[in-house]
1. Check every one of the helices (runs of 4 or more DSSP H) wholly within segment 1-68 and list those with 3 or more residues that are among the hydrophobic types (A, V, I, L, M, F, W, C) and closer than 20 Å to Gly104 by Cβ.
2. Within segment 27-39, identify whether any single residue is among the polar types (S, T, N, Q), in contact (Cβ under 8 Å) with a residue 12 or more places away in the chain and more than 19 Å from Asn11 (Cα to Cα), and answer yes or no.
3. Between a first residue in segment 60-73 that is on the phi > 0 side of the Ramachandran plot and a second residue that is outside any loop (DSSP other than H, G, I, E, B) and surrounded by fewer than 24 Cβ atoms within 10 Å (Cβ to Cβ), which pairs have beta carbons less than 8 Å apart while being 6 or more apart in sequence or on different chains?
4. Scan (1) under 14 Å from the mean Cα position of the chain (by Cα); (2) within 18 Å of Ile21 (Cα to Cα); (3) surrounded by fewer than 21 Cβ atoms within 10 Å (Cβ to Cβ) for the single condition Cys106 breaks and write down its number.
5. Are any of the residues in segment 90-99 within 20 Å of Asn11 (Cβ to Cβ), part of a helix (DSSP H, G or I) and in contact with a Leu (Cβ under 7 Å, 6 or more places away or on another chain)?
Amino acid sequence: MKIMQHHMILNWTGRISGLLITAFFAAFFIGEGIPDILNGNGKELLEFIPFTILSLAGYLLAWRRPLWGGRLLIAGALLLAGYFIFRQDMVMALVYALPSGLTGLCFIAAANKELI
């Protein structure tokens, strides 16, 4: 019974934290990104969007398939980190990649009960 409790805690931790991360970045994109794009100042943001789509897809997939969703979240986190490291911005690499990576680890640990 204890393993089931750990499994559910990790699964819901991933779900809730993923929802908070997604909501935060969506609010940022809607509030600042769309107006910049409409004003012609959003070139850097448009380059950044494809890297975030993988993390978003991983989060959505993790609700049904935690293992595969967690893997996609981690892949998205690595791509985001690589994007910002390439741009020589280590702080942004951590800000964007760390939450997705940790959420992905929660989903993977919840899916693989033997890791708990």
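Readers should treat all values here as calculations from the given coordinates under stated rules, not as data from a laboratory. Predicted model, so just to flag it, every value in this text is computed and none were measured. Note that each Cβ is placed from the backbone with ideal geometry, even for glycine, and that neighbours are counted across all protein chains shown.
1. Here the list reads 2-28, 43-62.
2. no
3. Nothing qualifies.
4. (3)
5. No, segment 90-99 contains no residue that is within 20 Å of Asn11 (Cβ to Cβ), part of a helix (DSSP H, G or I) and in contact with a Leu (Cβ under 7 Å, 6 or more places away or on another chain).
To keep it simple, each residue is scored yes or no on (1) surrounded by 13 or more Cβ atoms within 10 Å (Cβ to Cβ); (2) over 13 Å from the mean Cα position of the chain (by Cα).
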position: Phe24; (1), (2): no, no
position: Phe29; (1), (2): yes, yes
position: Leu45; (1), (2): yes, yes
position: Pro50; (1), (2): no, no
position: Leu67; (1), (2): yes, yes
position: Leu72; (1), (2): yes, no
position: Leu79; (1), (2): yes, no
